[in-house]
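The values are calculated or read from the model by the stated rules, or taken from the named source; none is laboratory data. Just so you know, these numbers come straight off a predicted model, no measurement behind them. No Cβ is skipped: glycine too gets one built from the backbone with ideal geometry, and neighbour counts run over all protein chains shown. When the accessible area is computed, the model is the full protein with side chains, heavy atoms only, and any ligands, DNA or RNA have been set aside. Shrake-Rupley method; radii C 1.70, N 1.55, O 1.52, S 1.80 Å.
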Amino acid sequence: MVTTTPRNVGVLKDLLGREDVAHTHAPTEANRAYLAESFLKEVRTRYGATRRGRQELDGGLRDDVEGALWTRDKIDDQRLPRAETAAGRVPFGARVIVAVDPPVTSKKTSDACGIVVVAILENGAPTEWSAQVIDDCTVQGKSPRAWAEVAVAAYHRYGASRLVAEVNQGGEMVPDTIRTVDATINFRARSASKSKVARAEPVAALYEQGRVCHVGNFPALEDEMCKMAITGYDGAGSPDRVAALVWALTDGLLEPARHHVAPAIRPL
């Protein structure tokens, strides 16, 4: 029998991957009867929303992918606390974008429909704008009508100004389905001409520049982000949440910066 705090080491990962090894885990709260309440409150306050907290307090094994575009430490360093209400998560004066990466099919085993909400803070020139990721509304195994309803609900819940969606797979079906749910939606279709990794790299650079932060915790989204490497996605299935995140930040930060022309002074 081995008992340990799970760490990203080869021997432990090999054991967990064997069919003849059974494993279980428990969070720190499972030992609540033998711990001081003040201690539990302190460690949760200090580490609850960090990579160390997920490992040490929740007993979760966190993989580090070589060459990852994002790291958990970087995401944790720029994290903000989550407000209780949707309105409280939107900074004053921010422009909200809902982005959708739709699946090809709607089976339970199909790829998820990535739905991510970001708030764009347009302070200064477009090259200086920043963003906050405020919600991950991703769903799986839903019909086109059902995931469109989820996306439209997020659009209205956060007072969004635009809904963007990739149309490579669904073509006209994507905007038609969304407008069937709500014809007043300000919709923008996006077509991918590069790989998901190529599209994700400039977005990852925005995080490195400190221009993007997460408001609260998004474990599933962040797991996908930290498995995106320069060599490809090192995870099962498709990184649909990351794809939606990339579309949102491309539309909200990257494209305005590309089209921005700094004012010039011409001497007379």
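Could you give the length gained on full extension between Leu15 and Ser143, defined as 0.36 nm per residue of separation minus the Cα-Cα distance, in nm?
Taking 0.36 nm per residue and subtracting the Cα distance, the gain is 42.2 nm.
Can you give the FRET efficiency to the nearest 0.05 for Asn168 and Thr85, using r as the Cβ-Cβ distance and R₀ = 35 Å? Intermediate values should be presented prior to the final figure.
Working: r = 35 Å, r/R0 = 1.00.
My answer for the efficiency is 0.50.
Just give me a number: lysine pairs in the chain, eight or more positions apart or cross-chain, with C-alpha atoms less than 18 Å apart.
5
How much FRET efficiency would the formula 1/(1 + (r/R0)^6) give for Glu201 and Phe39, where r is the Cβ-Cβ distance and R0 is 41 Å, rounded to 0.05?
0.45
Using a 1.4 Å probe on the protein heavy atoms, what percent of the accessible area of the chain belongs to carbon and sulfur?
With neighbouring chains kept in place, the figure for the chain is 51 percent.
Report, for the chain, the % of DSSP beta bridges that are antiparallel, rounded to 5. Kindly include the intermediate steps, with their values, before the conclusion.
Values: 17 of 29 bridges.
So the antiparallel bridges in the chain amount to around 60 percent.
Would you mind getting me the FRET efficiency between Glu255 and Ser110? Use the beta-carbon distance for r and R0 = 25 Å, nearest 0.05.
On the way: r = 29 Å, r/R0 = 1.18.
Result of the calculation: an efficiency of 0.30.
Can you tell which of Glu166, Glu19, Glu149 shows the greatest fluctuation in a Gaussian network model of the chain with Cα springs below 10 Å?
Of Glu166, Glu19, Glu149, the most mobile in the Gaussian network model is Glu19.
Restricting to Cα pairs below 8 Å that are 6+ residues apart, what does the relative contact order work out to for the chain? Please round to a whole percent. Let's see the in-between values first.
On the way: 437 pairs, mean separation 62.0, N = 268.
Dividing the mean separation by the residue count of the chain yields 23 percent.
Using modelled backbone amide H atoms (1.01 Å from N, in-plane), which distant-in-sequence or interchain residues come within less than 5 Å of Gly141's amide H?
Hits under the 5 Å cutoff: Ser110, Cys113.
Does segment 157-268 come out rounded, prolate or oblate, given a ≥ b ≥ c as the square roots of the eigenvalues of its C-alpha gyration tensor, rounded meaning a/c under 1.5 and, failing that, prolate meaning a/b above b/c?
Values: a/c = 1.70, a/b = 1.14, b/c = 1.50.
The shape class here is oblate.
Let me know the shape class of segment 140-222, please: from the alpha-carbon gyration tensor, a ≥ b ≥ c as square roots of the eigenvalues, rounded when a/c is under 1.5, otherwise prolate if a/b is greater than b/c, or oblate.
prolate
Can you give me the accessible area per residue for the chain, using a 1.4 Å probe, in Å²? Provide the component values of the computation, followed by the final result.
Details: 14500 Å² over 268 residues.
I get 54 Å² per residue for this part.
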